[in-house]
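The structure under discussion appears below in the form of structure tokens.
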Amino acid sequence: MIITLSNNKISASIDSLGAELIRLEKDNQNYIWTVDETYWNKTSPILFPIVGRLKNDAYTIADKKYELPRHGFARNFEFQILNQTENSVIFVLESNSETLKNYPFEFQLQLEYELDGNELKMKYSVENKSEVTMPFSIGAHPAFAIDDFFSDYSIQFNEAEEFVSYELENEQFSNSFRKINSENGQINLNYSLFEKDALVFKHLKSNELILLNNNKPVLSVQFEGFPYLGIWTKPNAPFLCIEPWCGLADNVNHNGNIFEKEGINLLQPRETFSRTIKITL
């Protein structure tokens, strides 16, 4: 089911399958890329209960092995609608017999979309409904449309940074890294940056970036409280993913214990974890 929100400035369409943002429009222009399966079959999947890939697609709890696919399972489930207005909607996914097979925790995952002027707020909330500590990661993966030459685009961060990207090898961290050229907090984009998969930044000072086309602002993404950021595309693909994360893929040397995984969040029984991303056109 497709839910469309609107106000007098912008509109957003979300698929209840995965609670996935599929359109974000202003003045009849869609800022989310339109799926072309030649490149990728998603637009803005939610990453839960892991971000990225596990070593051997598996993890352990008390020496018991469980398996999870890359980025977890939330994107593949139908979400229920908890509440809806003209400019907001709350989607919810509850743990169930399928999720419990490979993630043995009771949870409630909510994703709230709300329009406010030219801004779309996406609030992610995770409640631990188990009686034990729950390890989890969560992240966003919106793909923004690139309408012109990719090399005409750049991303401007709101703080001066030394950009160090932690490199992935077969979708796991390899203990190598590289410095990404920038000028005054701005990275000029080209496809060669992504020859070895995503750019991954850890613990940036910035909590906002602006996507620029020929130095003109297209949109901004605010990601307060997300310690990691992925930037990703595919060769010659007409999109750029800007991915705030609370969690990371495994290191090649990880021992498999999910409680010892870098970037893992530990949620106590009955506690709720919330983070909000704001996209402004």
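One residue stands out among those in segment 206-234 that are touching a Phe, Trp or Tyr at 6+ places or on another chain (Cβ under 8 Å) and charged (D, E, K, R): the one that is nearest to T34 (Cα to Cα), which is K234. Could you go through segment 225-232 and let me know if any residue there is aromatic (F, W, Y), within 20 Å of N30 (Cα to Cα) and out of contact with any Leu (no Cβ under 6 Å at 6 or more places or on another chain). Among the residues of segment 225-232, at least one is aromatic (F, W, Y), within 20 Å of N30 (Cα to Cα) and out of contact with any Leu (no Cβ under 6 Å at 6 or more places or on another chain), which makes the answer yes.
If you go through segment 17-29 and keep only what is touching a residue at least 40 places away in the same chain (Cβ under 8 Å) and surrounded by fewer than 17 Cβ atoms within 10 Å (Cβ to Cβ), you end up with L17, K26.
Checked against (1) assigned to a loop (DSSP other than H, G, I, E, B); (2) at pLDDT below 95; (3) touching a strand residue (DSSP E or B) at 6+ places or on another chain (Cβ under 6 Å), S174 meets all criteria but (1). The combined condition, being touching a residue at least 60 places away in the same chain (Cβ under 8 Å), buried (at least 18 other Cβ atoms within 10 Å of the Cβ), outside any loop (DSSP other than H, G, I, E, B) and under 19 Å from the mean Cα position of the chain (by Cα), is fulfilled by Y113. Step by step: first the residues of segment 63-80, then only those that are modelled with pLDDT of 95 or more and over 24 Å from E112 (Cα atoms), then the one that is nearest to the chain's Cα centre (by Cα). Which residue is that? Among them, the one singled out is P69. In segment 256-281, the qualifying residues are those that are crowded, with 16+ Cβ neighbours inside 10 Å and charged (D, E, K, R), and the one that is nearest to E127 (Cα to Cα) is R275. Under the condition of being in contact with a Pro (Cβ under 6 Å, 6 or more places away or on another chain) and within 27 Å of D36 (Cβ to Cβ), which residue from segment 130-183 is surrounded by the most Cβ atoms within 10 Å (Cβ to Cβ)? Of everything passing the filter in segment 130-183, A140 is surrounded by the most Cβ atoms within 10 Å (Cβ to Cβ). In segment 17-50, the qualifying residues are those that are part of a strand (DSSP E or B) and out of contact with any strand residue (DSSP E or B) (no Cβ under 8 Å at 6 or more places or on another chain), and the one that is farthest from G72 (Cα to Cα) is Q29.
The listed residues are S130, S165, and the only one of them that is over 20 Å from G256 (Cβ atoms), assigned to a loop (DSSP other than H, G, I, E, B) and at pLDDT 95 or above turns out to be S130.
Looking at S88, is it in contact with a Cys (Cβ under 7 Å, 6 or more places away or on another chain) and touching a residue at least 40 places away in the same chain (Cβ under 8 Å)? Spelling it out, it is not the case that S88 is in contact with a Cys (Cβ under 7 Å, 6 or more places away or on another chain) and touching a residue at least 40 places away in the same chain (Cβ under 8 Å).
Screening segment 189-252 for strands (runs of 3 or more DSSP E) wholly inside it with 1 or more residues that are charged (D, E, K, R) and farther than 24 Å from I264 by Cα returns the ranges 216-222. Can you confirm whether S125 is among the polar types (S, T, N, Q) and without any contact (Cβ under 8 Å) to a residue 40 or more places away in the chain? It is false that S125 is among the polar types (S, T, N, Q) and without any contact (Cβ under 8 Å) to a residue 40 or more places away in the chain. The single condition from (1) touching a residue at least 24 places away in the same chain (Cβ under 8 Å); (2) within 30 Å of D27 (Cα to Cα) that K216 fails is (1). No other residue among V51, V35 is among the β-branched types (V, I, T) and in contact (Cβ under 8 Å) with a residue 40 or more places away in the chain apart from V51. Residues considered: A74, A12. Of these, the only one that is buried (at least 18 other Cβ atoms within 10 Å of the Cβ) and within 28 Å of Y166 (Cα to Cα) is A74.
Can we say I81 is in contact (Cβ under 8 Å) with a residue 12 or more places away in the chain, under 19 Å from S44 (Cβ atoms), of a type in the set (A, V, I, L, M, F, W, C) and surrounded by fewer than 19 Cβ atoms within 10 Å (Cβ to Cβ)? It is true that I81 is in contact (Cβ under 8 Å) with a residue 12 or more places away in the chain, under 19 Å from S44 (Cβ atoms), of a type in the set (A, V, I, L, M, F, W, C) and surrounded by fewer than 19 Cβ atoms within 10 Å (Cβ to Cβ).
The values are calculated or read from the model by the stated rules, or taken from the named source; none is laboratory data. Small disclaimer: the values here were computed from a predicted structure and weren't measured. Please note: Cβ atoms are built from the backbone with ideal geometry, for glycine as well, and neighbour counts cover all protein chains shown.
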